[in-house]
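A.B. asks: If you scroll down you'll find the structure; I have some questions about it.
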Amino acid sequence: MEPGSVFALFQRGATRLEQGDPAGAALDFDSAIAANPRAVEAYAWRARARLALGDRSGALADCEVVLARAPTDWGGFAEIVRLAESLRSGTSR
């Protein structure tokens, strides 16, 4: 697999986010989305990174993309629904 592939970018972004680097993670998710705009999981993870950076409107926008595109049986769907609802109501951190 090439280092610039969507999967590699997604994995690196997830690792960065889990290690406390939401800015680096957001850049990786941006690149993954640019390479494959249908990569719903990249939007979901970028929402988390944006929220960690204090970008509530960006996080909500990513949640809206996921809610519009992801099948309801996708494993992360329920989490994104909860995140979107909390962002809409202003209760998320």
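The values are calculated or read from the model by the stated rules, or taken from the named source; none is laboratory data. Bear in mind the structure is a predicted one, so any value in this text is a computation, not a measurement. Heads up, the Cβs are rebuilt from the backbone with ideal geometry, glycines too, and the neighbour counts pull from every protein chain shown. Accessible surface is based on the protein model in full, side chains and every heavy atom, while ligands, DNA and RNA are left aside. Shrake-Rupley method; radii C 1.70, N 1.55, O 1.52, S 1.80 Å.
A.B. asks: How large is the charge dipole for the chain, taken about the Cα centre, if only the Cβ atoms of Lys, Arg (+1) and Asp, Glu (-1) carry charge, to the nearest 20 debye?
C.D. replies: Working: 11 positive and 12 negative charges, 44 e Å.
Roughly 220 debye, rounded to the nearest 20.
A.B. asks: Largest first, how would 82, 12 line up by accessible area (1.4 Å probe)?
C.D. replies: On the way: 82 145, 12 120 Å².
The ranking, largest first, comes out as 82, 12.
A.B. asks: For helix 22-35, report the angle its Cα long axis makes with the longest principal axis of the Cα atoms of the chain; keep it between 0 and 90° and round to the nearest 10°.
C.D. replies: Orientation of helix 22-35: about 70 degrees from the principal axis.
A.B. asks: I'd like the orientation of helix 40-52 relative to the chain: the angle between its Cα long axis and the longest Cα principal axis, in ° from 0 to 90, rounded to 10.
C.D. replies: So the helix axis and the longest Cα principal axis differ by about 70 degrees.
A.B. asks: Considering the values [x] 59, 25, 15; [y] 40, 28, 19; [z] 32, 26, 20, which represents Cα extents along the principal axes in Å as calculated for the structure under consideration?
C.D. replies: Computed from these coordinates, Cα extents along the principal axes in Å corresponds to label [y].
A.B. asks: Here is a follow-up. Using a 1.4 Å probe over the heavy atoms of the protein chains, calculate the carbon and sulfur portion of the accessible area of the stretch 1-70 as a whole percent.
C.D. replies: Within the stretch 1-70, the accessible surface is 54 percent carbon and sulfur.
A.B. asks: What's the extension gain from residue 35 to residue 88 if we count 0.36 nm per residue and subtract their Cα-Cα distance? Provide the component values of the computation, followed by the final result.
C.D. replies: Working: separation 53, 0.36 × 53 = 19.08 nm, distance 2.87 nm.
Contour length minus Cα-Cα distance gives 16.2 nm.
A.B. asks: On average, how much accessible surface per residue is there in the chain, in Å², for a 1.4 Å probe, leaving out ligands, DNA and RNA?
C.D. replies: Numbers: 5230 Å² over 93 residues.
On a per-residue basis, the chain sits at 56 Å².
A.B. asks: Taking Cα atoms, how many degrees apart are the long axis of helix 77-89 and the longest axis of the chain, rounded to 10 and kept between 0 and 90?
C.D. replies: Long axis of 77-89 versus the principal axis of the chain: about 50 degrees.
A.B. asks: Related question: Based on the inverse mean of 1/r over its pairs of different Cα atoms, what is the Kirkwood hydrodynamic radius of the stretch 53-93, in Å?
C.D. replies: Working: mean 1/r = 0.0971 Å⁻¹.
Final number for the Kirkwood radius of the stretch 53-93 is 10.3 Å.
A.B. asks: Listed highest first by mean packing, meaning other Cβ atoms within 10 Å per residue, what order do 14-27, 32-45, 68-81 come in?
C.D. replies: 32-45, 14-27, 68-81
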